[in-house]
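Q: Please see the structure below; I have some questions.
Just so it is clear, none of the values below were taken in a lab; they were calculated from the coordinates. Here the structure is a predicted model, which is why all the values come from computation and not from measurement. Counting neighbours? That spans all protein chains shown, and the Cβs are built from the backbone with ideal geometry, glycine included.
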Amino acid sequence: MAEVLRGTGPGTARKAPSLARLSRRAGVLLGTLALTFLGLLFVTFVIGRVIPIDPVLAIVGDRALPEVYERVKLELGLDKPLTTQFVRYVAETATGNFGKSVLTGNPVLDDIRQFFPATLELATLATLLGVALGVPAGVLAAVHKGRWPDHVIRVVSLIGYSVPVFWLGLVGLLVFYARLDWVAGPGRIDIVYEYSIEQSTGLMLVDTALSGNWDAFRDAFAHIILPASILGYYSLAYIARMTRSFMLEQLAQEYVTTARVKGLGEGRVVWRHALGNVMVPLITVVALSYAYLLEGAVLTETVFAWPGLGLYITNSLFNADMTAVLGGTVVVGVCFIGLNLLSDLLYAVFDPRTR
Amino acid sequence: MSARAWLLSDAPASRLQARLGRAYLSARALVANPLALAGLLIVVALVVVAALAPMLEVGDPFAQDLSQRLLPPSAEHWFGTDQLGRDILSRVVQGARLTLTIVVLVAVIVGPLGLLIGTVAGYFGGWIDAVLMRVTDIFLAFPRLILALAFVSALGPGIENAIIAISITLWPPYARIARAETMTVRNSDFIAAIQLQGASSARILWGHIMPLCVSSVIIRVTLDMAGVILIAAGLGFLGLGAQPPAPEWGAMVSAGRDFLLDQWWVATMPGLAIFIVSLGFNLLGDGLRDVLDPKHA
Amino acid sequence: MPEARAAHAGPLLDVAGLHVRFATPRGLVHAVRGIGFTMGREKLGIVGESGSGKSVTARAILGLVPRPGRVEAERIDFGGTDLRGLSPRQWRAVRGRRIAMVLQDPKFSLNPVMPVGEQIAEAYRTHAKASRAEARDRALAMLEAVRIRDPRRVYGAYPHEVSGGMGQRIMIAMMLVPEPELLIADEITSALDVTVQMQVLAILDDLVTQRGMGLIFISHDLSLVASFCDRVQIMYAGRIVEEARASALSAARHPYTRGLLACLPSVDEAERAELPVLKRDPAWLA
């Protein structure tokens, strides 16, 4: 997909792309997207049909009358052949109908819409932390390659790749909440404040700040800082490592020698020239890191009782609410696809060589 | 001639000598790197502990003794006891077997599967390639844990299902690697020569192309092992892996959550085990990559 | 002003006993083995094949030999300044301002994500307190000096948008804008077509002569160097094996030089049916 956008495939000349070429590229892109989305739905559809649980029984209960059973079965379209069911599934999902949650009875999409902002807030803050700390760390590691700053940062990164997120969360709670009392405990906000917040974006930090409710803001911050830091650590590990790798590659390039020959100070050589060339691939790294955080969020939210999409999926899982689980999986899959696409697009937009 | 001189000779007399010589140099480079060496030692320790678990004198991982529940680490119970009075050290040791089983089985499924799909796609090209690559892309479009979750939730909890679920989510990158390597050699002269001799596609794939791709896949598998351990532990934490009373490390951490504040060791010890083993594989994988693929530095 | 600088008595560059060694896992590589030379405000050519140590010499003079290389010299004297053991701050006053270097391939030696005009302006502002507008004007003037038509358009262009010859002229502009005393040209024409080579060299010749600068011209092309430079040094395996005025090159004595000269075809030769192949004598490594 990236090659299509960057125009480095066969038959692409290095001139400004004509409208026809651009629209052809866009067409290919959309086609690929649609296929991938279709495939995603196919996988979730298969999973949904593989379960040993009878979906009808899950809704009506095992003491229902046979007529009720039959009616629900017809409603769900389970009497039709599988291909028809799949088509219906695709049509429904594409229009936003993810089915009804077995547990709550609500449309799954509505439930997800309630839970999603919490994950969004957590992942965004974690990514911001990861970038703010990870990029300078990676640069430092590359500039001082082989010496102690490099070793320290590599070890920190390595630990981030090796430590289980749920365990780190628990240890974090134990140390910073139970023993040191520096942060608030599990949950998103204290009950005291929960109903006094005017919800506009669903992002607690933003909502409380916008309405000037500073007590609630502080409380929300105290609750989010630990899970965000823990997820942020993973983001940092990945970003620092990639930054280091990119920087090492750039620092070996000839234009860096040119910059030094010009008499530029080493600071400018590193932070303006080398880092400038790293920015573009780094944007895609950040987008991907955001995507990976969606994964980590599942376990983090479980540990911190954070009411986000991850917790929604795991709770639905424990309650055998397959519709909800699959709905959540589709949403995460779509986000993943979207972020990958965004990273490819950003690359094409920002790299002057593709303009 | 000493063994070392024979290995390092500039003009090896046989292919075996050349291969052994290269392996020796790689092994030396690997061991010279202290971090990689540490990783190797950790992995070796895991294998040894797992293999010798029944013989190690650490007590019975399943023996419950409620009068001994939740004891802190002591001389008698190095890691303390859990909520059912079981010795945690022995459970961690026993859990090493489970971890190793999962890692090995996933590797054995994922490597060949990815290799097969990748080489077939790369060799035949055309619509076979397009279809297989679309399938690969679809599986790559999911974050691994979520997909594994969905699969396990559908199939039911248990260690076998966990292994299957993880394998299903993990094979795409290997197919990609194998495909890329296949495509670079597909048009080379020696393949053309074998085709002219009348070899069937199956023979070419199996005998000539796959062996070339094997080493990249092996490197990647080692690097991914840490991730496999973490995903498996995550599934265990959610109760989707090996079921109690099996001493799966993730499940043990989850069980220890309730006692986290006062009896921290119940959750911390198995978590440490996960961390150290994962770290070991990461260090080893990094070291292997530095040695075998120096561009990556 | 070039005239004021020429008041310094003695050679522009005086090198003696220069050694560069690289410690590699496979052993010590002795890239430059105790060479020495002096030069004034003239065009000195250094010719050698790959691995002869000519580029390493240039980088050693500028203090840019990368780790794990180690530079040792009895003397590296540049216009009264000892270039050995300078601090980074002292180097910033020398590099660009007094000595500059143009590299081989502008595709790689120019920053790909910065417009070329800004890279020239940056070179100017590093060594002169000037506003952005002034620096821009200077850069445009320099682009004209290297005979680039439409300097304004080229100013905002990116390196991948200009041809090889134009890129090298931009590099020359960038390196000459702070008015250094010595320019090192490291294989600057090796990546160019022959006709473009001539153009670039003509421009370089003009500018160097106008400004009274010294030029070290490094190349593997003996005939090119002989036609362009005043004096020529031949390097082989880290040593200088021959030194001569360009006009007197045909009277060279070292067998390596004679071998190189013999390999050059000439348009109006009648006697030779085959070009000879250079035979390397291991004695030259001693």
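Q: May I ask you to list the trypsin sites (Lys or Arg not before Pro) in the range C:25-71 that are in a DSSP loop and have at most 13 other Cβ atoms within 10 Å of their Cβ?
A: Of the trypsin sites (Lys or Arg not before Pro), the ones in loops of the range C:25-71 whose Cβ has at most 13 other Cβ atoms within 10 Å are C:R26.
Q: Working from Cα positions, state the angle (0 to 90°, nearest 10) between the long axis of helix A:214-251 and the longest principal axis of chain A.
A: Rounded to the nearest ten degrees, it is 50.
Q: Still on this model: Calculate the tail of P(r) for the range B:79-129: the fraction of all Cα-Cα distances greater than 17 Å, expressed in %.
A: More than 17 Å apart: 60 percent of the Cα pairs in the range B:79-129.
Q: Report the local net charge at C:V29: Lys and Arg +1, Asp and Glu -1, summed over other residues whose C-beta lies under 12 Å from its C-beta.
A: Once all neighbours under 12 Å are counted, the net charge is +4.
Q: Based on the Cα gyration tensor of the range C:161-286, what are the three equivalent ellipsoid semi-axes, each the root of five times an eigenvalue, rounded to whole Å and given largest first?
A: 30, 18, 14
Q: Please state the Cα pair-distance histogram of the range A:129-208 with 5 angstrom bins from zero: what percent is in each bin?
A: 3, 12, 13, 13, 15, 16, 12, 8, 5, 2, 1
Q: Quick one: C:D14, C:D205, fewest Cβ neighbours within 10 Å first, how do they rank?
A: C:D205, C:D14
Q: Rounded, prolate or oblate: which fits chain B when a ≥ b ≥ c are the square roots of the eigenvalues of the alpha-carbon gyration tensor, with rounded for a/c under 1.5 and prolate only if a/b beats b/c?
A: Since a/c reaches 1.5 but b/c is at least a/b, the shape of chain B is classed as oblate.
Q: If you don't mind, another one. How big is the equivalent ellipsoid of chain C along its three axes, where each semi-axis is √(5λ) from the Cα gyration tensor, reported in whole Å from largest to smallest?
A: 32, 24, 18
Q: Can you tell me how the range A:304-355 classifies by the Cα gyration tensor, rounded, prolate or oblate, using a/c under 1.5 as the rounded cut?
A: Taking the square roots of the gyration eigenvalues as a ≥ b ≥ c, the range A:304-355 is prolate.
Q: Working from the alpha-carbon coordinates of the range A:109-354, get Rg over Rh, Rh being the Kirkwood radius.
A: Over the Cα atoms of the range A:109-354, Rg/Rh equals 1.03.
Q: Which helices count as membrane-span-like in chain B under these terms: full DSSP H, at least 24 Å along the axis by C-alpha, Kyte-Doolittle mean of -1.0 or more?
A: Once both thresholds are applied, what remains is B:15-32, B:34-52, B:88-124, B:210-237, B:265-292.
Q: Now for a separate question. Could you list which residues have their amide H under 5 Å from that of C:A185, counting only those 5 or more apart in sequence or on another chain, with H placed in the peptide plane?
A: C:V102, C:I216, C:F217, C:I218
Q: To continue, here is another question. Loop-only check: which trypsin sites (Lys or Arg not before Pro) in the range A:60-142 are DSSP coil with at most 15 other Cβ within 10 angstrom?
A: Passing sites in the range A:60-142 are A:R63.
Q: Under the Karplus relation 6.51 cos²θ - 1.76 cosθ + 1.60, θ = phi - 60°, what is the ordered set of whole-Hz ³J(HN,Hα) values for the range A:331-345, x standing for Gly and Pro?
A: 4, 4, x, 4, 4, 4, 4, x, 5, 4, 4, 4, 5, 5, 4
Q: Would you mind ranking C:Y158, A:Y161 so that the residue whose beta carbon has the fewest other beta carbons within 10 Å leads the list?
A: Ordered from fewest to most neighbouring Cβ atoms within 10 Å, C:Y158, A:Y161 come out as C:Y158, A:Y161.
Q: Let me ask another. How long are the three semi-axes of the equivalent ellipsoid for the protein assembly as shown, computed from the Cα gyration tensor as the root of 5 times each eigenvalue, in whole Å, largest first?
A: Semi-axes from the Cα gyration tensor: 61, 33, 31 Å.
Q: Provide the percentage of antiparallel DSSP beta bridges, counting only those with both residues in chain C; round to the nearest 5.
A: So the antiparallel bridges in chain C amount to around 60 percent.
Q: Starting with the fewest neighbours, write out B:S216, B:S167 ranked by other beta-carbon atoms found within 10 Å of each beta-carbon.
A: Least crowded to most crowded, the residues run B:S216, B:S167.
Q: To continue, here is another question. Any idea what the relative contact order of the range A:109-354 is, in percent, if you count C-alpha pairs under 8 Å spaced at least 6 apart?
A: Value for the range A:109-354: 30 percent.
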